[in-house]
Amino acid sequence: MKKLLSLVLALTMVLSLGAIAFADGPIALTVWGAEEDQTYLAERIEAFKAAYPDQEFDITLGVESESTAKDTILTDVEAAADVYAFASDQLPDLVNAGAILDLSTVEEALKSVAGKSLDDIKAANVEGSITAATYNDTFYAFPFASDGFFMFYDPDYISEEDAQTWEGLLDAAAAAGKKVGMTLASGWYNTAFFNAAGFSTSLNADGTTNMDWNGTSPDGYTGVQVVQAMQAIAGHDAFMAIADGDISNQIAGGDLAAVISGTWDTALVSDTFGEDYMACALPLLTLGEDQVPTRGTVSFKMIGVNPYAENAGWAVMLAEFLTNEESQVARFEAREIPPTNIAASESEAVQANKGVVGLTEAAAVGVVQSVGGKYWDPTASFGEQIAQGTIGTDEASIQTALDQLVEGVTAAVG
Amino acid sequence: MKDKKIGGIVSHNLLIAVLCVIWLIPIVWLVCMSFSAAPNMNTSTFFPTEWSAKYYVQLFHSDTVNQFKAWFMNTFKIAIFTCIICTCFTLMVAYATSFGKFKARKPLMNVAVMLNLFPGVLTMIAVYFTLRTFNLTNSHIGLILVYSASSGLGYLICKGFFDTVPRALCEAARLDGCNEARIFAQIVIPTSRPIIVYTIISSFLTPWMDFVFAKMILNAGISENYTVAVGLYKMLDKSLINSYFTIFCCGGILVSVPIAILFFIMQKFYVEGITAGAVKG
């Protein structure tokens with residue numbers, strides 16, 4: 001009932017803005033972006049004002065990290081910013097709470113002022129990002145960057161060939177007296193091994209998660225096989241299981257020859273591994289007699305519009321402007337974040353950036369995660385159990401642990 | 001016999017020394033980390049490999065992320081007002097419950113104590129929406145209200161102290177024609193210094209240590225409006241921690257400065273209050 005009410009409210013609000021009115025006074029808009037993006041965003045907002053000289057704006061820029069945007073917005077949607085950046089895995093919750101505007105309701109306005117249809121925007125960005133911005137066949141947000149994890153390694157200790165497989169990587173690190181670091185106690189990271197076997201998760205309309213990791217995957221591998229492969233990696237002398245959030249600290253510690261992390265650690269890795277550091281997709285995983293790519297999680301950062309925005313029409317213009325090709329190029333120059341805009345990512349600077357190359361390689365085999373709120377805790381503790389070695393290596397105990405995991409993740413919400 | 005005594009003293013002190021070390025390690029670590037020459041976190045060694053005070057300097061040079069000066073002033077402002085309001089409220093409620101003679105005294109006291117037993121965080125959502133109705137979210141006045149509104153309920157310790165103030169003094173004053181306000185201000189307050197000091201310090205500390213309410217009420221994302229706790233916390237985001245961890249530690253050290261100063265000033269009165277005594281002979 002509440003959901004229906006918020007939907008009706010949102011609808012009545014957006015119906016009134018078929019076209020954009022040029023107002024006499026200044027149009028007030030609020031924008032939320034990540035802390036590290038503040039300088040860049042302030043510049044782009046000035047550029048936005050310059051692009052529409054006929055209209056006066058009063059734009060307030062606030063701080064809200066993409067990774068926590070949903071939590072803050074859902075606390076009080078009406079008080080949240082008109083235009084906000086968020087990570088793609090938050091989309092279902094934002095939609096269900098009526099906190100994000102269906103872009104098709106403002107397409108006419110977008111066409112008449114910015115001269116772009118939604119199809120133009122969909123065509124300009126990589127397909128994965130558009131899929132991630134779509135929920136229940138409705139397009140909700142403008143993607144601007146891809147995000148995910150990949151592998152950094154130090155070529156002083158690890159050759160390109162060693163980095164191809166987990167065994168080669170770990171043996172090379174052991175020979176050099178170094179470690180290979182990865183976070184196992186997080187469902188964002190450890191799903192990579194299950195994805196490798198062809199397992200997947202999906203989200204139901206009621207917020208519950210589907211998971212079949214205790215069975216057999218469409219590719220014919222069992223969950224038990226995956227766990228055995230994970231145990232072989234976690235049990236290797238050269239493997240270091242890193243607590244979630246402690247990766248930067250461990251990189252700086254200097255014991256690592258390779259680490260699974262993301263673009264946020266690029267500068268630190270360059271300092272520690274040296275400027276000749278390498279970035280690539282995760283190594284191949286051995287399942288039975290086959291070697292399959294370890295498929296990491298891919299997510300996207302995007303900008304959405306609050307349906308409660310007073311000037312929703314202009315809010316959409318601003319959201320589109322902050323994610324267009326020019327803005328994405330400027331963002332890459334400021335932050336070295338891989339763009340989703342196809343034209344922007346073809347530039348030489350982007351192609352030459354090692355972090356981007358690593359992420360692109362990982363994303364090529366990566367999986368866009370689709371999970372509900374019950375997913376995170378059981379997968380985190382499952383990963384921790386593997387890291388600690390508390391699950392027995394025999395098939396029966398692994399099967400029991402997997403059954404428990406699936407039971408926890410697929411539990412009803414509420 | 002004597003040996004046994006010495007042995008006891010040694011073992012007691014040894015135990016205290018061990019407890020001290022355990023208690024001080026995190027603080028020593030924080031101080032050391034704040035003098036690190038590297039901006040990021042690195043726990044592979046306890047002490048930083050290179051020392052420098054440059055991040056203390058950088059802490060006071062605001063950028064888009066670090067606006068410590070503004071945060072510090074905000075928190076200070078909020079703390080001063082909260083401190084004044086809280087202290088007045090608490091003392092007045094304590095006076096009324098200790099000296100007043102009215103029918104509802106007992107029931108009121110019981111209700112107040114019961115209300116005070118509920119953890120304040122439970123009221124979070126109600127507080128937020130009430131403030132929003134009055135357009136007080138994202139304002140420091142709203143925060144001051146939240147911190148000081150229920151302070152009167154914390155009267156119990158203060159009342160206990162007031163109960164020890166000799167009634168003879170007050171009765172003598174009353175006989176001389178002194179009214180309640182003057183008894184409160186000129187007799188009870190001067191004889192109750194230690195408890196006033198306690199009230200001032202604890203109410204000044206509330207805004208410095210609170211994170212939950214500040215985070216919830218200052219939700220417009222305007223960094224320069226943050227309090228120290230919220231601002232410093234934001235530095236620990238995974239994309240910022242590599243460049244801001246040492247600055248975060250410096251900020252953590254510096255928030256304790258005003259509290260320490262206040263404590264040093266108040267300590268004098270605290271000891272005086274305890275030793276002075278109200279009725280001679």
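The values are calculated or read from the model by the stated rules, or taken from the named source; none is laboratory data. Computed from a prediction, not measured in an experiment: that's the story for all the values here. Positions of Cβ are backbone-derived with ideal geometry, glycine not excepted, and every protein chain shown enters the neighbour counts.
Within the range A:64-96, the set of residues being farther than 26 Å from A:Val368 by Cα, surrounded by 21 or more Cβ atoms within 10 Å (Cβ to Cβ) and facing another protein chain (nearest Cβ under 9 Å) comprises A:Ala80, A:Ala81. Can you tell me which residue is farthest from B:Ser139 (Cα to Cα) among those in the range B:87-108 that are surrounded by 18 or more Cβ atoms within 10 Å (Cβ to Cβ) and not aromatic (Phe, Trp, Tyr)? The extreme case among them is B:Ser98.
Here's the yes/no breakdown for (1) within 14 Å of another protein chain (Cβ to nearest Cβ); (2) in contact (Cβ under 8 Å) with a residue 24 or more places away in the chain:
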residue: B:Lys106; (1), (2): no, no
residue: B:Asn116; (1), (2): no, yes
residue: B:Pro119; (1), (2): no, no
residue: B:Met124; (1), (2): yes, yes
residue: B:Thr137; (1), (2): yes, yes
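Determine whether A:Leu74 is touching a residue at least 12 places away in the same chain (Cβ under 8 Å) and part of a helix (DSSP H, G or I). In short, yes. Selection within the range A:245-263: residues that are within 23 Å of A:Pro338 (Cβ to Cβ) and facing chain B (nearest Cβ under 10 Å). The member of this set that is modelled with the lowest pLDDT is A:Gly245. Can you confirm whether A:Ala51 is assigned by TED's automatic domain parsing to the domain that holds A:Asn324, of a type in the set (Gly, Ala, Ser), at pLDDT 90 or above and closer than 27 Å to B:Leu240 by Cα? No, not satisfied. Against the test of being in a strand (DSSP E or B) and either within 28 Å of B:Leu236 (Cα to Cα) or away from chain B (no Cβ under 14 Å) (or both), the options A:Thr266, A:Thr272, A:Thr286 yield a single qualifying residue, A:Thr286.
One line per residue, one yes/no per condition, for (1) polar (S, T, N, Q); (2) free of Cβ contacts under 8 Å to residues at least 40 places away in the same chain; (3) crowded, with 16+ Cβ neighbours inside 10 Å:
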site	(1), (2), (3)
B:Asn179	yes, yes, no
B:Pro194	no, no, yes
B:Met216	no, no, yes
B:Gly221	no, yes, yes
B:Tyr226	no, no, yes
B:Gly231	no, no, yes
B:Asp237	no, yes, yes
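Only a single criterion out of (1) among the charged types (D, E, K, R); (2) more than 20 Å from the chain's Cα centre (by Cα); (3) assigned to a loop (DSSP other than H, G, I, E, B) is not satisfied by A:Asp244, namely (2).
Conditions tested, residue by residue: (1) crowded, with 17+ Cβ neighbours inside 10 Å; (2) farther than 30 Å from A:Ile247 by Cβ.
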| site | (1), (2) |
| --- | --- |
| B:Lys5 | no, yes |
| B:Val18 | no, yes |
| B:Met41 | yes, no |
| B:Phe46 | no, no |
| B:Leu59 | yes, no |
| B:Asn66 | yes, no |
| B:Ile78 | yes, yes |
| B:Ile85 | yes, yes |
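Just one of the listed residues (A:Asp171, A:Asp137, A:Asp212, A:Asp244) is surrounded by fewer than 18 Cβ atoms within 10 Å (Cβ to Cβ) and in the same structural domain as A:Asn306 (by TED's automatic domain parsing), and it is A:Asp137.
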